[in-house]
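Written below as structure tokens is the structure these notes are about.
Every read-out reported here was derived from the displayed coordinates using simple, explicitly stated rules and does not represent laboratory data. Since the structure is predicted, the reported quantities are computational estimates derived from the model, not experimental observations. Heads up, the Cβs are rebuilt from the backbone with ideal geometry, glycines too, and the neighbour counts pull from every protein chain shown.
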Amino acid sequence: MTRPAGWQPSGAVRALAVIIWATLSACASPPARAPGAASPGAAPRSAASPVDRPPNIVFIIADDLGYGDIGPFGQRTIRTPQLDRMAREGTRFTQFYAGSPVCAPSRSTLMTGQHTGHTPIRSNPSQVTPAKRLARGIDWPIADSVRTLAEMLRERGYAVGGYGKWGLGSAGSEGDPLRQGFDRFFGFLSHVDAHRHYPEFLYDDGRKRSLPGNENGGHAIYANDVIVDEAVKFIGQNRERPFFLYVPLTVPHAEIQAPRDAFAPYLDASGQSVFSEKPYAGAGNYGAQSMPHAAYAAMVSRTDAYVGRILDELRAAGVEGRTLVFFTSDNGPSVEGGSDPRHFASSGPLRGVKRDLYEGGIRVPMIAWGPGQVPAGRVSDHVWALWDVMPTLAELTGARSPAGIDGISVAPAVTGQGVAKEHDFLYWEFHEQGGKQAVRRGDWKAVRLNVVANPAAVAELYDLAADPAERQNVADANPELVRELMAVMAREHTPSDVFPALDGARAGGSNAPPPARRP
């Protein structure tokens with residue numbers, strides 16, 4: 001009989017660990033700030049008018065969740081009843097895109113409203129230029145000079161809390177979330193630390209808070225369980241004022257681990273997986289898992305349960321009628337750490353996975369929910385991306401969006417009132433695997449591969465209306481269109497001192513002078 005990794009310790013030990021955790025939390029946590037109080041060193045903010053109170057915003061982002069991993073987007077094996085309910089009661093967007101096929105730059109596009117040709121964090125830390133590279137596991141920070149989504153809403157009078165994985169700067173750095181507009185942050189600061197679902201500690205407003213029972217490889221406290229515990233507290237603590245709750249979960253990212261009770265729907269009476277299983281031995285950052293398929297399904301269902309807890313807390317706090325909730329993912333499904341996206345058709349009908357600029361790597365689920373504010377049971381094919389969230393929330397809340405960003409407001413697509421703007425194009429770049437670029441304009445999609453070694457590489461071309469799975473490259477039949485989209489690629493990449501991988505890979509080897517360099 002196979003058992004999932006992480007089933008020990010006994011129930012009694014786990015219960016004791018939770019009691020210890022609660023006691024230490026009460027003693028070690030920083031005192032709660034009074035409603036409206038600023039974080040240490042933060043600039044004062046204006047109070048929201050009680051007559052014109054803007055809506056609360058909850059933004060939940062899963063980690064490596066594929067387009068087809070949840071019920072509203074076609075999943076038929078993994079159970080996601082809360083997200084099914086959210087889609088029934090809200091609007092499902094079928095053509096929403098992540099900012100990047102990996103986590104750090106995708107989150108940077110969300111926080112800055114800029115696509116990956118402009119946003120300050122262009123890649124994960126492995127692609128930082130060697131002369132500037134920080135210690136292993138330390139993410140390159142967003143600079144103080146960058147105005148973030150959190151700062152924008154804080155200036156509007158919002159209480160701003162983040163719970164989960166940050167990945168855009170370590171404690172005390174310029175990119176520390178407490179220096180980027182958050183009043184409160186609890187979770188992982190480093191994306192590498194977030195590979196462990198039973199860590200020894202999490203960061204609580206910049207200070208390490210121990211998780212008792214997780215020392216020396218113990219599996220007593222599942223990180224996302226306590227992260228969501230803290231997130232729902234934030235709702236109750238701020239019910240009397242507008243709040244922005246950012247919940248970047250770390251599931252279902254590898255390593256493939258879930259609490260014992262989460263496995264139940266995917267085990268038979270003898271405790272074995274209901275799926276065919278090939279045990280994963282573990283490698284690098286990722287631990288072993290004897291039932292990777294059951295564990296992955298358990299992680300997705302756990303993600304669903306977290307969404308349900310948050311929606312239930314909004315109802316219990318009496319604020320559901322003035323709250324907008326968004327659920328999405330940071331990129332496509334992973335093939336790392338025992339993940340097997342083919343087993344569950346995690347990319348749905350799309351080609352590609354995490355690290356691909358084909359649709360499966362960047363098209364992700366998006367559900368918007370808000371009783372009386374977001375149309376129920378609606379399906380929208382409006383094309384938008386993670387960098388549109390900032391200006392969209394600015395319009396929905398009356399905040400001031402930064403000038404010169406790439407995002408546009410699609411608020412009418414969210415509320416169902418009016419006609420939403422459409423992009424002339426969407427642009428992505430990816431600095432790993434030889435360098436990649438992609439542009440979508442209307443239904444046409446161009447993808448360039450290996451651009452570092454071959455700056456003159458000609459793009460592939462796909463008609464997403466006729467070929468959403470990107471199976472038929474029609475570049476040869478449309479040479480002028482290919483040239484036009486490659487010109488967009490050349491124009492939209494700006495050089496970067498920190499992430500220079502694509503600086504010499506301008507599409508088509510253009511002789512035009514490059515755009516101004518960005519930090």
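If a/c stays under 1.5 just call it rounded; otherwise compare a/b with b/c (prolate if a/b is bigger, oblate if not). Do that for the stretch 393-516, with a ≥ b ≥ c from the square roots of the Cα gyration tensor eigenvalues. List each step's numbers first, then the result.
Details: a/c = 2.40, a/b = 1.35, b/c = 1.78.
Judged from the Cα gyration tensor, the stretch 393-516 comes out oblate (a/c at least 1.5, b/c at or above a/b).
Taking the alpha-carbon centroid of each part, what is the distance from the stretch 133-206 to the stretch 76-95 in angstrom?
The stretch 133-206 and the stretch 76-95 have Cα centres spaced 29 Å from each other.
With an 8 Å Cα cut-off and a minimum separation of 6 or more residues, compute the relative contact order for the chain in percent.
On the way: 1242 pairs, mean separation 111.6, N = 519.
Reported relative contact order: 22 percent.
Using the 10 angstrom Cβ neighbour count as an exposure proxy, how do Trp387, Trp444, Trp369 rank, fewest first? Present the calculation step by step, with values, prior to reporting the outcome.
Numbers: Trp387 30, Trp444 19, Trp369 26.
Going from least to most buried by this count: Trp444, Trp369, Trp387.
Listed highest first by mean packing, meaning other Cβ atoms within 10 Å per residue, what order do 228-240, 176-188, 460-472, 332-344 come in? Write out the running numbers ahead of the final one.
Numbers: 228-240: 19.4, 176-188: 24.6, 460-472: 16.1, 332-344: 22.2.
The packing order, highest mean first, is 176-188, 332-344, 228-240, 460-472.
Could you tell me the calculated FRET efficiency between Arg133 and Ala269, based on Cβ-Cβ distance and R0 = 60 angstrom, to the nearest 0.05? Working shown, then result.
Details: r = 52 Å, r/R0 = 0.86.
Approximately 0.70, to the nearest 0.05.
Span-like helices, the chain: DSSP H, alpha-carbon axial extent 24 Å or more, mean Kyte-Doolittle 0.5 or greater, which ones? Don't skip to the end; give the middle numbers.
Values: long enough: 11-28 (25 Å, 1.72); 292-316 (35 Å, 0.00).
Once both thresholds are applied, what remains is 11-28.
With a point put 7 Å past each Cα toward its Cβ, work out how far Asp381 is from Ala466 in nm, to one decimal.
Going from the Asp381 label point to the Ala466 one covers 1.5 nm.
Need the list of lysines near Lys278 for cross-linking: C-alpha distance under 25 angstrom, and skip anything on the same chain fewer than eight residues off.
Qualifying lysines at Cα under 25 Å: Lys354.
Quick one: Cα convex hull volume of the chain, Å³ per residue? Before the final figure, lay out each step's value.
Values: hull volume 75.7 nm³, N = 519.
It comes to 146 Å³ per residue, whole-number rounded.
Over the Cα atoms of the stretch 192-344, what radius of gyration and what Dmax do you get, in Å?
Final numbers for Rg and Dmax: 16.8, 51 Å.
Under unit Cβ charges (Lys, Arg +1; Asp, Glu -1), what dipole magnitude, rounded to 20 debye, does the chain have relative to its Cα centre? Please report the intermediate quantities before stating the final value.
Details: 53 positive and 54 negative charges, 127 e Å.
Approximately 620 debye in magnitude.
Please report Tyr198, Tyr163 as a ranked list, fewest other C-beta atoms within 10 angstrom at the top and most at the bottom.
Details: Tyr198 20, Tyr163 28.
Fewest-to-most ranking of Tyr198, Tyr163: Tyr198, Tyr163.
Past the 24 Å Cα-Cα mark, which pairs from Lys132/Lys445; Lys421/Lys445; Lys165/Lys436; Lys132/Lys208?
On the way: Lys132/Lys445 34 Å; Lys421/Lys445 19 Å; Lys165/Lys436 26 Å; Lys132/Lys208 26 Å.
Exceeds cut-off: Lys132/Lys445; Lys165/Lys436; Lys132/Lys208.
Rounded to the nearest 0.05, what FRET efficiency do Lys208 and Glu240 have when you use their Cβ-Cβ distance and R0 = 30 Å? Let's see the in-between values first.
Working: r = 31 Å, r/R0 = 1.03.
According to the calculation, E is roughly 0.45.
Just need the relative contact order of the stretch 426-509 here, percent rounded to a whole number, with Cα pairs under 8 Å and 6+ apart.
29
Where the centre of each part is set by its Cα atoms, how far does the stretch 398-466 sit from the stretch 283-339, in angstrom?
Their Cα centres are 26 Å away from one another.
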